[in-house]
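Just below is one structure, and these are the notes that go with it.
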């Protein structure tokens, strides 16, 4: 029986290396394992917890990665290829940079890999594995098999579940629409609930890009999903857009189903910035009053992790001050403060490349700096050093230990949930530890 090792790389000596509390199980690899024929023996290694044994007796290695982990993925691939073990690379970065990835692998999977994987394995067994396997049409995810959670032995704070894929909003800084498509594809609710009931953990994170979707069919489906989630008696967090407040009763349905924390991309408090990003969903009459939206969500006992992006062409030092004032005044429970990052495949990347503003473009090693915390381009109104220092100072203001404790207490008072309080505190504090660990970003060198 041939042995397959699937690897999720992690930072080993720099950014994020010691952050474990918020590490998420590699659901993508668990799904790939579920699509692996029974005549293969498959195992999963999450490098966030485990070290790699490059001399392990395996017949094939599969590695997934996002952009900042591409250099690490290529290092791992190179080590196995030195030992004459065939390597397959997949995930969003190899899909966007397939020719680059092909320099380090025997095969590259471009796009969602569930339906491609069995065909690749059949070719591998015959000794006819191709260099590229590309999705011709996005797979039907209505009846996905249950992920192989039995292959992971590490203890995670939350388990991950996916109920849908795709996003129609196509923001300029995001590659999700290019990778997963602009239409929502939804799993059968019965299958989702059956999967969740098999998970012994009480805490879940639903990794859909927007748990409620967009359009009436998606909203009706969200109501139906929340009604069924209630019977699972779980506490869960998930990603949503601000349109969740537009539909009467939807917040209550989410709260009744066990929703305790939402990750929401506010991106900016400046309307001109949102317009430039293409984040139109945040600019509707029903969503653009962020404080009112936050209050509605808090009134249902749900905490908020707010995502804010800095470094756009309209941002300056005063933008940071106004945003921090808003965060504290609106009592956003936790924050993800990031620097605008031109990821490959995005309209933002194409724009900055055409304008000659990319400062770190010695690929693939420079991809490691594309981690949303380091400046990799020339901003218009700040130097890269100023932009980075403003981000450091912002984290010290809202996420240092004492502010994190105070905000965590407020979260508990609002939600009465240790789950949402823990998520909020550790999201704040681990973000603070992460960003302050970078003492000399590459742009300084």
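Before moving on, here are some points about what is shown:
- Residue count for the stretch 175-221, restricted to those that are in a helix (DSSP H, G or I) and either in the same structural domain as residue 91 (by TED's automatic domain parsing) or closer than 25 Å to residue 149 by Cβ (or both): 13
- Single residue of the stretch 55-67 satisfying the filter (more than 18 Å from the chain's Cα centre (by Cα) and outside any strand (DSSP E or B)) that is surrounded by the fewest Cβ atoms within 10 Å (Cβ to Cβ): 57
- For the stretch 246-260, filtering for residues that are out of contact with any strand residue (DSSP E or B) (no Cβ under 7 Å at 6 or more places or on another chain) and closer than 22 Å to residue 413 by Cα leaves 7.
- Meets criteria (within 22 Å of the chain's Cα centre (by Cα), in a helix (DSSP H, G or I) and buried (at least 21 other Cβ atoms within 10 Å of the Cβ)) for residue 373: no
- Qualifying residue in the stretch 68-79 (condition: crowded, with 22+ Cβ neighbours inside 10 Å and free of Cβ contacts under 8 Å to residues at least 40 places away in the same chain): yes
- Residue match in the stretch 100-115 (condition: surrounded by 18 or more Cβ atoms within 10 Å (Cβ to Cβ) and out of contact with any helix residue (DSSP H, G or I) (no Cβ under 9 Å at 6 or more places or on another chain)): no
- Within the option set 219, 309, 212, being modelled with pLDDT of 95 or more, within 23 Å of the chain's Cα centre (by Cα) and surrounded by 15 or more Cβ atoms within 10 Å (Cβ to Cβ) holds for one residue only, 309.
- Qualifying positions in the stretch 245-292 - more than 19 Å from residue 213 (Cα to Cα) and touching a residue at least 60 places away in the same chain (Cβ under 8 Å): 276, 277
- Among the residues examined, residue 183 qualifies as free of Cβ contacts under 8 Å to residues at least 24 places away in the same chain and surrounded by 13 or more Cβ atoms within 10 Å (Cβ to Cβ).
- Among the candidates 348, 359, 352, residue that is touching a helix residue (DSSP H, G or I) at 6+ places or on another chain (Cβ under 9 Å), touching a residue at least 12 places away in the same chain (Cβ under 8 Å) and crowded, with 19+ Cβ neighbours inside 10 Å: 348
- Residue check, residue 268 modelled with pLDDT of 95 or more, touching a strand residue (DSSP E or B) at 6+ places or on another chain (Cβ under 8 Å) and closer than 30 Å to residue 340 by Cβ: yes
- Of the strands (runs of 3 or more DSSP E) lying entirely inside the stretch 253-351, not one contains at least 2 residues that are more than 21 Å from residue 399 (Cα to Cα) and not assigned by TED's automatic domain parsing to the domain that holds residue 376.
The values are calculated or read from the model by the stated rules, or taken from the named source; none is laboratory data. Just so it is clear, the structure is predicted and the values come from calculations on it, not from any experiment. Don't worry about glycine lacking a Cβ; one is built from the backbone with ideal geometry, like all the others, and counts go over all protein chains shown.
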